[in-house]
Structures are given as C-alpha cells and as structure tokens.
Amino acid sequence: MKITKLFLAMGLCASIVFSGCSSMSSTAKGTAIGAGAGAAVGAGAGVGIAALTGKNKKKGAIIGAASGAVVGAGAGALIGRKMDKKKKELEALQNAQVETVEDQNGLEAIKVTFGEDGIKFATNSSTLNAGAKTALKDFATKMADMTDTNIQVYGHTDNTGSLEANQKVSTSRAKSVADYLQSCGIAASRITSAGLDYQDPVADNSTAAGRAQNRRVEVFISANQAMIEAANNGNL
C-alpha cells in the first residue's frame, strides 16, 4: 500500500512540473528541462541529425545534441543571455531570417533561415553561387567568436520531383553549405549537415510562391558541452 501511494505521489509531482512548463519563459524552460535530462543521455554533435537518416525519419529538424550534463539552476538563463546577444548580431545578415528556438535540452538556440534570396541553387544543383558565398562568409565571420556552439545545417526542397531525388539534392546542398562554412574558418567538429527533402514545408507547395519559400537552408546554433559546463560553473 505504501509503495502504491509513493508511485501516485510521484506521478502527481511529474504532472505538476510539466503542466507548469507551458507558462514558463524560454529561459526558464531551459533550466527546468535541461536539469531533467541528467547524465543518462550523452551525445556528440551529430546524434540529432543521425536520428533523421534512418527509416523512421522524423518530420522537422532536431536541434542540438543531447547533453550529458545536468543544467543547473541559472545556467539556462546565462546561455539564453549569450544566445540573445548573438541573435541581435545575426539579425544584420542580409536576406536571412533569424529566430529564437529551443534545442532538445530545452535551452535557447538560434535558427537562421536562408531563403532563395540568400542562397539560391540552380535546379538539381548544389553549387553555391557568388551571392550564397557572400551570405555564408558573413555568417561565419559573425560566428567566429562563439566557438562554444554546435552548428547544424539542414537542406529543404519543394515537392517537385520524386522523394528520392529531393532527398539527394537536399543532402548535397546542406553539405555544400557546411563545407563552405568550414572553408570560412568554422571548425569541422562543430558542424553537421543533413537533407530533409520536402517533408517539412513552411509554405503551400501547390503554389509557385510557396515552393520558393520551401526551397531553403536552415542553420541552427546551439550550446555545446563546453558552453553548458561553463554556464553551470558560472563562467559564461
């Protein structure tokens, strides 16, 4: 009887914690969810992307690698403050949309979307033109002072053509962007890339305007293990 009561109490506590998350700020969520992860989950930068490449590929991008460290109280706020500062710098990028998002540790992260005005590929091509290189070089320059982050690159297409063809071209385009960022000085160990074909649209693929919006490259910036540890130690 005592054991049954104990499990009921635990379930009630869990429901209170998670129901409270909906009213938290993104920074507060970072502290609560990150702390819940504990040391049970450890991963390198590529795990989130690897999860997308098998048969059961999930819709949408997985942001950031699961942390093997507990995120202590206040660490999420420190990371959020650093991400907010970098977001303001990145908002100066031409032909790019910059947003605040949340990574899989519940911590604040940054999403930069390069649409066709920023990175435009020729049909069935993954070759970067001069305009795309300029945009990516500007991005790399702005990220040079934030080495304690992981950078994930996702390629997206419209739904013209077969799924297989679009998977191939989206993967190739994401790799082209990742390779160019490396050539601009971002360490290869920080960058991962993957293609998400046309299964995660942001607009209506039945219209020309919608298809143009879906042909995009998304770059996610999230805290790496070094930043999380620094935040936990109060050194961020």
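At-a-glance table
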quantity: Segment 79-138 - percent of accessible surface contributed by carbon and sulfur, probe 1.4 Å; calculated: 42 percent
quantity: About the Cα centre, charge dipole magnitude for segment 77-220 (Lys/Arg +1, Asp/Glu -1 at Cβ), debye; calculated: 380 debye
quantity: Pairs of alpha carbons in segment 91-142 whose separation is greater than 13 Å (percent); calculated: 63 percent
quantity: Under 12 Å from residue 133, Cα to Cα: aspartates and glutamates that are on another chain or at least 8 residues apart; calculated: 179
quantity: Total lysine pairs under 18 Å (Cα atoms) in segment 68-122, excluding pairs fewer than 8 apart on one chain; calculated: 5
quantity: Pairwise Cα inverse-distance average, inverted: Kirkwood Rh of segment 75-201 (Å); calculated: 15.3 Å
quantity: Residue-level accessible surface for residue 91, protein heavy atoms, 1.4 Å, Å²; calculated: 100 Å²
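The values are calculated or read from the model by the stated rules, or taken from the named source; none is laboratory data. This structure is a prediction, so every number in the text was calculated from the model and none was measured. Ideal geometry is used to build each Cβ from the backbone, glycine not excepted, and the neighbour counts take in all protein chains shown. The accessibility values were calculated without ligands, DNA or RNA, using every heavy atom of the protein model including side chains. Shrake-Rupley method; radii C 1.70, N 1.55, O 1.52, S 1.80 Å.
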